[in-house]
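Single-structure report; data block below.
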Amino acid sequence: MIAAVGFGALIGILLGLLGGGGSILAVPALVYGAGLTLAAAVPTSLLVVGISSATALLPRLKAGLVQWRIAAIVGGTGAAAAFAGAAVNRLLDPRLVLAGFAVLMVVAGWRMLGGTDDCGGDCALPGGGINWRGCLPKSIAAGLGVGFLTGLFGVGGGFLIIPALVLLLGLSMPAAVATSLVIIVVNSAAGFAAHAGDAAIDYRIAAAFTLAAITGSLAAGRIATRLPTRQLQRAFAWLVIAIAAFVAIQAIINPVTA
């Protein structure tokens, strides 16, 4: 239980600071920290991440940073793809899922080390408009990819959504962070529904994990604008890579049960 509270607070802090990233730690934290099976950890992580992301979104709603139409497209297509990802998850050996998860974490960490610049694009034209001919297919592609990974690995997808929104769609970093939180909430809800019934959820652990995550996200959200985001991203990227190595080793020497 202590481990659940500690990891929950960490995930909430990361969501509050960066608008994503914390979800990638939820599954390994629940499996290796709280002792859940993979089948139980996946829906539990989606529940925790969805609620804590909604909490982290609250202070950003007042600033008007959310791109609602883009969030609806990416989130809507992602919700549908999450069910396909969940179906594939049920067909795979848990060790294979965790190994794939570790690879994904390394890719995400390496991508975050490369940085994200506000470069503009079809979904954020210099004059403030949107070129829907280019933006719509890119938004659909981003939603399908992130949604599938949400269902497959039980992650909210913020560590993939933010680079996609900035680099592929051209949103500014503040808008990408706020918009990603909306998409994470939608994807997490769809992923949770897709995995409903896979395994019994220990709601005592889930509640402790969620309350700690909410507390962390609220506290971090208050100071997020005062901290150097780039330095935080680099530190988190190295943390993700380190956790990926741990998950890969555990998947080999200490495999979890389904």
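The values are calculated or read from the model by the stated rules, or taken from the named source; none is laboratory data. Please read these numbers as outputs of a predicted model, since none were measured by experiment. So basically every Cβ, Gly included, is an ideal-geometry build from the backbone, and we count neighbours across all protein chains shown. We work out accessible area using only protein heavy atoms, side chains counted, and drop any ligands, DNA or RNA first. Shrake-Rupley method; radii C 1.70, N 1.55, O 1.52, S 1.80 Å.
Of the residues making up segment 131-147, those that are without any contact (Cβ under 8 Å) to a residue 60 or more places away in the chain and touching a Cys at 6+ places or on another chain (Cβ under 9 Å) number 4.
Can you tell me which of (1) modelled with pLDDT under 80; (2) open to solvent by 20 Å² or more (accessible area, probe 1.4 Å); (3) over 15 Å from residue 19 (Cβ atoms) is the one residue 247 doesn't meet? It is condition (2) that residue 247 fails. Taking the conditions (1) modelled with pLDDT of 85 or more; (2) closer than 22 Å to residue 184 by Cβ; (3) part of a helix (DSSP H, G or I) in turn, residue 112 satisfies each one other than (1). One residue stands out in segment 197-224 among those that are of a type in the set (Ser, Thr, Tyr) and over 13 Å from residue 47 (Cα atoms): the one that is surrounded by the fewest Cβ atoms within 10 Å (Cβ to Cβ), namely 215.
Conditions tested, residue by residue: (1) within 26 Å of residue 165 (Cβ to Cβ); (2) of a type in the set (D, E, K, R); (3) at pLDDT below 80.
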site: 2; (1), (2), (3): no, no, yes
site: 22; (1), (2), (3): yes, no, yes
site: 28; (1), (2), (3): yes, no, no
site: 50; (1), (2), (3): yes, no, no
site: 58; (1), (2), (3): yes, no, no
site: 83; (1), (2), (3): yes, no, no
site: 87; (1), (2), (3): no, no, no
site: 90; (1), (2), (3): no, yes, no
site: 93; (1), (2), (3): no, yes, no
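Residue 150 meets the conditions (1) among the hydroxyl-bearing types (Ser, Thr, Tyr); (2) under 24 Å from residue 28 (Cβ atoms); (3) free of Cβ contacts under 8 Å to residues at least 60 places away in the same chain in every case but one. The failed one is (3).
Checked against the criteria, residue 54 does not count as without any contact (Cβ under 8 Å) to a residue 12 or more places away in the chain, in a helix (DSSP H, G or I) and surrounded by fewer than 24 Cβ atoms within 10 Å (Cβ to Cβ).
Just so you know, in segment 174-186 the residues that are more than 9 Å from the chain's Cα centre (by Cα) and of a type outside the set (Val, Ile, Thr) include one that is nearest to residue 45 (Cα to Cα), and it is 178. Scanning segment 29-38 for residues that are in contact (Cβ under 8 Å) with a residue 60 or more places away in the chain, in a helix (DSSP H, G or I) and surrounded by fewer than 22 Cβ atoms within 10 Å (Cβ to Cβ) yields a single hit, 32.
Residues checked against (1) over 19 Å from the mean Cα position of the chain (by Cα); (2) over 15 Å from residue 188 (Cα atoms); (3) of a type in the set (A, V, I, L, M, F, W, C); (4) in a loop (DSSP other than H, G, I, E, B):
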position	(1), (2), (3), (4)
83	no, no, yes, no
89	no, yes, no, no
97	no, yes, yes, no
103	no, yes, yes, no
108	no, yes, yes, no
126	yes, yes, no, yes
134	yes, yes, no, no
137	yes, yes, no, no
150	no, no, no, no
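Looking only at segment 57-78, which residues are assigned to a helix (DSSP H, G or I) and either among the small types (Gly, Ala, Ser) or open to solvent by less than 10 Å² (accessible area, probe 1.4 Å) (or both)? Lay out the reasoning, then the answer.
So in segment 57-78, the residues assigned to a helix (DSSP H, G or I) come out as 57-61, 68-78.
Scanning segment 57-78 gives 70, 71, 72, 74, 75, 76, 78.
When 171, 211 are screened for being at negative phi, part of a helix (DSSP H, G or I), touching a residue at least 40 places away in the same chain (Cβ under 8 Å) and under 19 Å from the mean Cα position of the chain (by Cα), only 211 passes. Against the conditions (1) over 17 Å from the mean Cα position of the chain (by Cα); (2) part of a helix (DSSP H, G or I); (3) small (Gly, Ala, Ser), residue 189 satisfies every one except (1).
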